[in-house]
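For reference, the structure discussed in these notes is given below.
The values are calculated or read from the model by the stated rules, or taken from the named source; none is laboratory data. Only a predicted model underlies this, so the values are computations on that prediction, with no experimental measurement involved. All Cβ positions, even for glycine, are placed from backbone atoms using ideal geometry, and neighbour counts span all protein chains on display. Only protein heavy atoms, including side chains, enter the accessible area calculation; ligands, DNA and RNA are left aside. Shrake-Rupley method; radii C 1.70, N 1.55, O 1.52, S 1.80 Å.
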Amino acid sequence: MRFALYLALLVSLVLMGCSNKPSLQHYFVDHAEKKDFIAFDLSSSILNTDKATLTAEQKEALKSFDKMNVLAFKMDKNNEATYKAESQKVASILKGEPYQELMKIGSGSDGASLQIVGDGKQIDEFVFFAKRKTNGFAVVRILGHDMNPTKIVNLISVLQNSDLNMDQLKPLQSLLH
């Protein structure tokens, strides 16, 4: 009898833990292989930095960075309705929990926003969403642990001073042309 009670409790907890609520992670997985989408991941190895020349703050920022996921939709004259629907789906996901909007630039068909997951001191994810009706849209997730705005600024300085491995960025070239 106890076993049945524990089994019922376990099954109910598992079912309650499964959420049908849309998430950015699910959106990436569901759309990575779809027509008109380009998806790729960038690891910290793209930076090709000489760790000896980094400051202590830059090294700390680099340690907090795990990877970057990029999903882009390439706009053309045949997929305008799909562009509109998909960009609205992403915007809707980013308006919900657990995303907190930090900044928004532009409006209407062209614009960009920056969201975070976490509190201001311990950020696990930065999300950059940009769209332009003539090109498409892109969603960039910067994933890490114990990130904060100061570490992101330091990470940007590492990016500026690094010898980027451009081979990992080739998928974006087709979106920009």
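Scanning segment 42-81 for residues that are open to solvent by less than 60 Å² (accessible area, probe 1.4 Å) and of a type in the set (V, I, T) returns I46, T49, V70.
Out of the residues in segment 55-89 meeting the condition of being in a loop (DSSP other than H, G, I, E, B) and touching a Ser or Thr at 6+ places or on another chain (Cβ under 9 Å), tell me which one is modelled with the lowest pLDDT. Break it down into steps so the answer makes sense when it comes.
Residues of segment 55-89 that are in a loop (DSSP other than H, G, I, E, B), as a first pass: 55, 75-79.
Filter once more, keeping what is touching a Ser or Thr at 6+ places or on another chain (Cβ under 9 Å): 55, 75.
Details: T55: 85, M75: 91.
Filtering first and then ranking leaves T55.
Here is a check on your reading of the model: is R141 under 17 Å from the mean Cα position of the chain (by Cα) and touching a residue at least 12 places away in the same chain (Cβ under 8 Å)? Can you show your working first?
On the way: under 17 Å from the mean Cα position of the chain (by Cα): yes; touching a residue at least 12 places away in the same chain (Cβ under 8 Å): yes.
In short, yes.
Regarding I105, is this residue open to solvent by less than 10 Å² (accessible area, probe 1.4 Å) and over 17 Å from A39 (Cα atoms)? Criteria not met by I105.
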